[in-house]
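Participant: This is the structure, below, for whatever I ask next.
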Amino acid sequence: MSNGIQPHRRFKFYIIILVCLILSLPTAGASSMKPYNVEVTSAFVKATAFCSCGSMSYGYHTGTFENYCPRCHSYGTLKFNPKDSPEGEWTCSKCSADYCAASGKEKEPNSPYHLVPYNPPVVQDQEIITTTSNIDSMIADLDKYDQTNLLGVNN
Ligand SMILES: [Zn+2]
Ligand SMILES: [Zn+2]
């Protein structure tokens, strides 16, 4: 008799666990809306975050800027401030200026300061140049071969 009741109780227990999991999901989803892809180097800062200054749409944007504060003209002073929300901001550790992590605009009203967009240095592909010159010399070799062959036929 007791054997027949036990599986039923266990099933009820699993249902309760499942309901708890479903109920906790929206909360977990909301707290996971955070800036991500945060990268700080001496040359640049990068993050994917919601725009917090209103200059862009309210959604995720990836901003890559030089690690330079235009307000106090300092390099390497930007620190990421997650703010516990999907928005993020770059804060200068020297003059405490706050910049929107998405657009790079200083969050002071009517501020003319804006982080400098970072463009990684262009690396010339040596491989392609070498390959091209190889093809050129191969064509030159083939031309030589054709000429000698023609000479051979003429003789
Ligand atoms: Zn913004
Ligand atoms: Zn600064």
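Computed from the coordinates by the stated procedures, all read-outs in this text should not be read as laboratory data. Because the structure is predicted, anything quoted here is derived from the model rather than measured. Cβ coordinates were reconstructed from backbone atoms using ideal geometry, including for glycine residues, and neighbour counts include every protein chain displayed.
Participant: For a Förster distance of 41 Å, can you work out the FRET efficiency between the beta-carbons of Tyr14 and Lys79, rounded to the nearest 0.05? Display every interim value, and only then the final one.
Facilitator: Working: r = 46 Å, r/R0 = 1.13.
Working from the Cβ atoms, E equals 0.30.
Participant: Kindly write out, for the range 70-78 in residue order, the coupling ³J(HN,Hα) from the Karplus curve 6.51 cos²θ - 1.76 cosθ + 1.60 (θ = phi - 60°), rounded to whole Hz, with x marking Gly and Pro.
Facilitator: In residue order, the calculated couplings are x, 6, 10, 6, 10, 9, x, 9, 6 Hz.
Participant: Let me ask something else about it. Using amide H atoms built 1.01 Å from N in the peptide plane, name the residues 5+ places from Ala97, or on other chains, whose amide H lies under 5 Å from its own.
Facilitator: Excluding prolines and chain starts, which carry no amide H, the hits are Cys92.
Participant: Whose amide H sits under 5 Å from the amide H of Phe44, counting only residues 5 or more places off or on another chain, with H placed in the peptide plane?
Facilitator: Asn67
Participant: When N counts the residues of the range 36-100, how does its alpha-carbon radius of gyration compare numerically with 2.2 N^0.38 Å, as a ratio?
Facilitator: Relative to the 2.2 N^0.38 Å estimate, the range 36-100 comes out at 1.03.
Participant: How many nm is it between the label spots at Cys95 and Thr41, if each spot is 7 Å from the Cα in line with the beta carbon?
Facilitator: 2.6
Participant: Still on this structure, please answer the following. Near Lys83, which lysines are there with a Cα under 30 Å away, not counting those fewer than 8 places off in the same chain?
Facilitator: Counting by Cα, and skipping residues close in sequence, Lys83 has these lysines nearby: Lys34, Lys46, Lys94, Lys105, Lys107.
Participant: Excluding Gly59 itself, what net charge comes from residues whose Cβ is under 15 Å from its Cβ, given Lys and Arg +1 and Asp and Glu -1?
Facilitator: 0
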